[in-house]
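The values are calculated or read from the model by the stated rules, or taken from the named source; none is laboratory data. None of the values given here were measured: they were computed from a predicted structure. Methodologically, a virtual Cβ is constructed for each residue, glycine included, from the backbone with ideal geometry; neighbour enumeration extends over all protein chains shown. Areas reflect the complete protein model, heavy atoms only, side chains present, ligands, DNA and RNA absent. Shrake-Rupley method; radii C 1.70, N 1.55, O 1.52, S 1.80 Å.
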Amino acid sequence: MKESAALEYFPGGNTPLGFYSYYSYVMEPQHCKCCIILKGGPGTGKSTLMKRIADRLTEDGYAVEYLHCSSDPDSLDAIVCRELGTWIVDGTSPHTQDPIYPGAVEEIVNLGAYWDSTKIAGYRDDIILTQAEISASFAQAYRYLATAQKLSGELDAAYQRSSSKKLLQ
């Protein structure tokens, strides 16, 4: 069995303009042999399933790319095995992924089909409140990032003015 070094990166980022995705650059669907799109809410096992499949592929000697979540680096948003022409991706928000070539290249696996709606219903208000808090936190983070970007621009401009004055002296 050959040793393989894992490549790990973030395919998206939280920016002053909101979430920005580089998913379309990871692996173009028309060049894939297989793309599995995992659907399901938080905690349905998307990341855990990807980690277990990546572990098995690595054990079998394949090089695996681990694409981490920009909001939770311990979670995976996707794994890619270029040798097999395969990737498995979390297709839920904010990096919503839907098939371009349904059935021919991509398959959807709905892990939400296995949750217990009757148990979850008892937490309805908590789930709605938590989601609202998460959305508000992201909105606040984007405002802070936008402010930091403006301040960085002002500092750059001040530095340029200061440097120009020194050169003229």
Single unsatisfied condition, residue 98 versus (1) open to solvent by 70 Å² or more (accessible area, probe 1.4 Å); (2) at pLDDT 95 or above; (3) under 23 Å from residue 67 (Cα atoms): (2)
From the options 135, 47, 93, residue that is closer than 30 Å to residue 16 by Cβ and not in a helix (DSSP H, G or I): 93
Hits in region 43-87 (condition: within 18 Å of residue 31 (Cα to Cα) and charged (D, E, K, R)): 65, 82, 83
Yes/no for residue 79 being assigned to a loop (DSSP other than H, G, I, E, B) and not small (Gly, Ala, Ser): no
Residue, farthest from residue 20 (Cα to Cα), within region 58-74, restricted to residues that are outside any loop (DSSP other than H, G, I, E, B) and open to solvent by 40 Å² or more (accessible area, probe 1.4 Å): 59
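To keep it simple, each residue is scored yes or no on (1) under 30 Å from residue 6 (Cβ atoms); (2) loosely packed, with under 10 Cβ neighbours inside 10 Å; (3) at pLDDT 95 or above; (4) of a type in the set (Phe, Trp, Tyr).
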residue	(1), (2), (3), (4)
88	yes, no, yes, no
91	yes, no, no, no
104	yes, no, no, no
111	yes, no, no, no
121	no, yes, no, no
127	no, no, no, no
134	yes, no, no, no
Meets criteria (within 20 Å of residue 97 (Cβ to Cβ), open to solvent by less than 70 Å² (accessible area, probe 1.4 Å), not in a helix (DSSP H, G or I) and not polar (S, T, N, Q)) for residue 53: no
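State yes or no: is residue 142 under 26 Å from residue 20 (Cβ atoms), surrounded by 11 or more Cβ atoms within 10 Å (Cβ to Cβ), over 19 Å from the mean Cα position of the chain (by Cα) and in contact (Cβ under 8 Å) with a residue 12 or more places away in the chain? Explain how you work it out, then say what you get.
Details: under 26 Å from residue 20 (Cβ atoms): yes; surrounded by 11 or more Cβ atoms within 10 Å (Cβ to Cβ): yes; over 19 Å from the mean Cα position of the chain (by Cα): no; in contact (Cβ under 8 Å) with a residue 12 or more places away in the chain: yes.
Answer is no for this residue.
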Enumeration of residues in region 15-42 that are touching a residue at least 40 places away in the same chain (Cβ under 8 Å), within 25 Å of residue 130 (Cβ to Cβ) and under 10 Å from the mean Cα position of the chain (by Cα): 19, 21
Any chance residue 84 is aliphatic (A, V, I, L, M), open to solvent by 70 Å² or more (accessible area, probe 1.4 Å) and out of contact with any Ser or Thr (no Cβ under 8 Å at 6 or more places or on another chain): no
Condition broken by residue 25, with the remaining ones in (1) assigned to a helix (DSSP H, G or I); (2) surrounded by 14 or more Cβ atoms within 10 Å (Cβ to Cβ); (3) not acidic (Asp, Glu) satisfied: (2)
